[in-house]
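The values are calculated or read from the model by the stated rules, or taken from the named source; none is laboratory data. Keep in mind the model is a prediction, meaning the values are calculated, not measured. Here Cβ is always computed from backbone atoms with ideal geometry, including for glycine, and neighbour counts include all displayed protein chains. Note: accessible area is taken over every heavy atom of the protein model, side chains too, but ligands, DNA and RNA are not part of it. Shrake-Rupley method; radii C 1.70, N 1.55, O 1.52, S 1.80 Å.
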Amino acid sequence: MELRTDRRRVVVTGCGVVSPVGNTTADFWAALLAGRSGVRPVTRFDVSGLPVRIGGDVTGFDTTGYLTPQEARRSDRFTQYAVVAAAQAMRAAGLEEQAGTDPHRFAAVIGSGYGAAHAIQQQYDVLQGQGPRRVSPYHSVLTAIDHPASLLSIKYGISGPSCAVSAACATGAVALGEATELIRSGRADLALAGGTDDALTAVDLAGTANAQALSRRNDDPEGASRPFDRDRDGFVMAVGATVLTLEEAGHAERRGAEILAEVAGYAATTDAHHATAPDPTGAGAVRAMRGALADAGLAPEDVGQVSAHGTGTLLNDRIEAAALRQALGPDHLSRTPVTAVKSMTGHMLGASGAAEAAAAVLSLRDRKIPPVRNCDHPAEEDLDLVLKGARDWDGDVVLSNSFGFGGHNAVLVLTRYRS
């Protein structure tokens with residue numbers, strides 16, 4: 001394996017996670033390795049009458065020590081999740097004091113698929129029930145999709161580029177990829193990047209269920225998310241955030257940071273096919289996978305693990321499997337372990353690509369691959385799915401796929417770092 005050396009290299013030095021299976025990176029990773037599900041009955045609002053009454057919710061979440069009471073009041077939960085995840089990522093990278101960092105070379109790229117779903121609904125209810133004078137003067141701020149990036153820039157003095165990106169379920173991967181490009185191009189040395197969403201609402205459950213996209217296993221929440229299983233019936237709506245600390249490799253080395261992995265490749269494409277359904281040929285997904293490998297300077301046979309998008313929907317899993325065969329070749333794919341994090345977390349929407357990238361980073365660090373939960377009857381028998389528990393692994397390259405409504409495809413290549 002020989003990576004490209006003709007440009008600035010980008011490495012991961014910290015991870016922060018708020019998820020249905022744990023509100024710290026350590027808890028998240030331990031749950032994945034144990035194959036523990038975070039899907040449960042929804043209790044945050046009345047679900048009676050809804051066709052789907054399960055989801056991957058965040059529990060035990062506390063902003064104390066991360067946000068002031070005023071900041072918390074003026075932030076939707078999608079912002080709160082991102083701030084807590086970013087604080088974890090900063091701490092893990094040894095950047096709490098930010099000694100030796102230039103704020104003008106510090107960037108923030110935090111994406112979301114749905115944005116401030118709860119705050120928008122809440123302020124609408126205030127308007128209808130109490131009149132326009134009671135609507136918050138901070139409405140335009142707290143409901144903005146860039147609020148997480150904006151608030152992080154204030155909290156950490158980030159005065160380089162900052163923005164939000166949105167690419168449906170590929171958002172988290174796109175945020176990491178675009179932050180990587182900022183560092184590669186020389187416009188930043190350091191970035192907080194990732195995705196966040198909190199769209200577990202009655203409207204979103206009803207609408208997405210009506211689109212026939214959600215699992216209806218209301219009586220078996222932990223068994224509902226079933227990527228690549230013959231009996232899968234849809235994805236499970238989930239919430240959370242993941243933020244990674246990305247750095248130019250020399251910047252990280254000079255300050256003595258622990259380097260967890262390298263973001264070696266990134267590519268994004270669009271199907272231009274349908275608002276919700278993937279292109280049945282998988283052509284866009286294939287181009288994204290091949291593009292990410294080419295960006296890294298790697299060949300398909302260099303891939304040692306696939307972190308699949310793996311939603312558990314009938315179309316997505318079948319088309320992703322076919323695209324993997326085209327991109328990697330059926331022989332190599334049959335010898336390459338495949339995992340699917342959503343089988344445990346549910347689908348964290350705009351945060352999912354970043355969460356799965358974090359899992360890939362931890363897999364490279366600890367040399368273990370988390371299992372695919374609930375895949376009792378594999379529908380794609382030629383895939384080397386990691387079943388019946390975590391697997392020891394000594395590979396160097398993870399291909400992490402993220403695909404979304406609107407035909408968005410984003411693929412990251414994460415590798416073990418060698419200076």
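Among all positions in segment 266-281, there is no residue which is touching a Gly at 6+ places or on another chain (Cβ under 9 Å), open to solvent by less than 10 Å² (accessible area, probe 1.4 Å) and over 30 Å from Arg40 (Cα atoms). Of the residues making up segment 133-157, those that are open to solvent by less than 60 Å² (accessible area, probe 1.4 Å), of a type in the set (Ser, Thr, Tyr) and not in a helix (DSSP H, G or I) are Ser136, Thr143.
Somewhere in segment 278-299, is a residue aliphatic (A, V, I, L, M) and within 14 Å of the chain's Cα centre (by Cα)?
no
For segment 103-120, a residue qualifies if it is open to solvent by 10 Å² or more (accessible area, probe 1.4 Å), more than 23 Å from Ala167 (Cβ to Cβ) and out of contact with any Lys or Arg (no Cβ under 9 Å at 6 or more places or on another chain), and the qualifying residues are Pro103, His104. Within segment 274-300, residues that are in contact (Cβ under 8 Å) with a residue 12 or more places away in the chain reach partners that are acidic (Asp, Glu) with beta carbons closer than 7 Å, at six or more positions or on different chains, in the pairs Pro278/Asp271; Asp279/Asp271; Gly284/Asp271; Ala285/Glu320; Gly297/Glu2. Identification of helices (runs of 4 or more DSSP H) wholly contained in segment 47-132 with 1 or more residues that are in contact (Cβ under 8 Å) with a residue 60 or more places away in the chain and within 26 Å of Val341 (Cα to Cα) yields 77-92, 117-130.
Of all helices (runs of 4 or more DSSP H) completely enclosed by segment 303-419, which ones contain at least 1 residues that are closer than 21 Å to Asp229 by Cβ and open to solvent by 10 Å² or more (accessible area, probe 1.4 Å)?
314-328, 330-334
Filtering segment 1-44 to residues that are among the polar types (S, T, N, Q) and either touching a His at 6+ places or on another chain (Cβ under 6 Å) or open to solvent by 20 Å² or more (accessible area, probe 1.4 Å) (or both) leaves Thr5, Asn23, Thr24, Thr25, Thr43.
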